[in-house]
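Written below as C-alpha cells is the structure these notes are about.
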Amino acid sequence: MYARTRDMGLRITLPGPYRRRPTVGDMARGRLRRLDERELRPYRADDEPAVLALWARALPRWPVSAAAFRARACGAGQLVMVVSGALVGYISVARADTGAQLTVILIDPACRRAGLASELLAQAPRNLGGDVRSLSAGSGVGRYFWPGVPEDAPDGWAFLQAHGFEPTGGVADLLADITRFRAPTWVLSRAGDGVRFELAAEGDASDVVALQERHFPDWKTAYEHQLTLPGTVLVARAGRQIVGTCTVEGPAEHDFLWPALVPGSVGAFGCVGVDPAARRHGIGLAMVARACELLSARGAEVCYCAYTHLEDWYGQLGFTRWRGYTTASAPLH
C-alpha cells in the first residue's frame, strides 16, 4: 500500500503476508529498525548532517568534506530513505540533455540486502523527465565523486550489474611526486624550439574556446569557466597559433576531493588537448611537463591526474596509478 505524506514523500507499507521480517537495522545497538515501514522522500537541506554521517558509515574508505559533498551531490534526483526516524539511504542522480548520471548511492551497512538500494535506484530517475535515455555510473553529465565504479567496491559493481548496467571501459586516477620537478630535456626537445608553453593571456580567451569548439566540445564549458580564473590555463603556442591547452591549478586553486587519502599539498592539471594537425610531435607531453613545473613552483608536492586511460603515456613523467574505476551505463526505458 502506498500513501503520500504531507511533504510529498512516499511512505511504503507492505501488506501483512508480504511484510519482511525485521532486519538487523540497529539490533546490534539494542534498537529494532523496522525495514517494512520506511519513507522514501526528497532530500532536504537539513538532511545534510545525517547524509554525511551515513557516508562515513557506508564509505569509510572515501572520507568526504561537507563542502565537497554539497558541491557535487546536488541534482534533480536527490532522495533519502528514512526508517523509524533514521536516515539509512541516499541517492543523487543528475541530468544533462538526454543523459544522466548516478552520482552516488548510499545504504547504511546495517540495512543492506533489504531492497532499499533497489527502491532508491528505481525511483530517482523518474524525477529526471521522460526524454532521458541512459544513466551512467559515477560521472557523465556534471561534477562527480568518481569517474566510474571504484575497483575497491565489488559489491557496488555487482549491484549495478544486477540492475542493467553494462561496462563501457576502464579509467584511472594517477599521482606523481613533483617536488622540485623539472621537465626532462628529451621531452622538451621533442616538441621543438618553435613551440612555447605559457599561461594564457587575456587576449587568448577566444582562441582557447575556439580550439575546444573545434576538437573538444565537451570541454568548452569547463574552459569558459577556467578562463575567468587567472593563471589556470596553459597553452601551447606554435608561432601565433594556439595548438594545445590544459588546465593547471596549484594547491591554492585546486579543490582536491580526497585530501585525507593523499598526504602533501596537491595540484592538478586536466583537459589536456592538442589540435589533431599538431599531434605526434610531443607537444602534449611537453605541455604536461611544463604544467608539472608550474605546479611544483606553486608549492604542490603531488600532482593529480584524474579520469584517464593513458597510464603509460603519463607514466613517462613519473605518474602511477592511484585508483581505478569501471565506467558503465544502463538504458532508461
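By count of other Cβ within 10 Å, fewest leading, how are LEU211, LEU128, LEU229 ordered?
Fewest to most other Cβ atoms nearby, the residues stand as LEU229, LEU128, LEU211.
Can you compute the radius of gyration and Dmax for the stretch 174-324, using only the Cα atoms, both in Å?
14.5, 43
In the chain, if every C-alpha pair distance is counted and binned at 20 Å from zero, what percent goes to each bin?
28, 50, 20, 3
For the stretch 202-275 and the stretch 126-178, write down the distance between their C-alpha centroids in whole Å.
Cα centroid of the stretch 202-275 versus Cα centroid of the stretch 126-178: 24 Å apart.
Scan around GLY148 for amide H atoms under 5 Å from its own, H built in the peptide plane at 1.01 Å from N, and keep only partners 5 or more places away or cross-chain.
Those lying under 5 Å, H to H, from GLY148: there are none.
Which order results if TYR307, TYR144 are arranged by neighbouring Cβ count within 10 Å, fewest first? Don't jump to the answer; show the numbers that get you there.
Working: TYR307 17, TYR144 22.
Listed from fewest to most nearby Cβ atoms, that is TYR307, TYR144.
Any read-out appearing in this document is the output of simple, stated calculations on the displayed coordinates, not a laboratory observation. Just so we're clear, the structure is a prediction, and the values are computed from it rather than from any experiment. In this analysis, Cβ positions are derived from the backbone assuming ideal geometry, glycine residues included, and neighbour counts consider all displayed protein chains.
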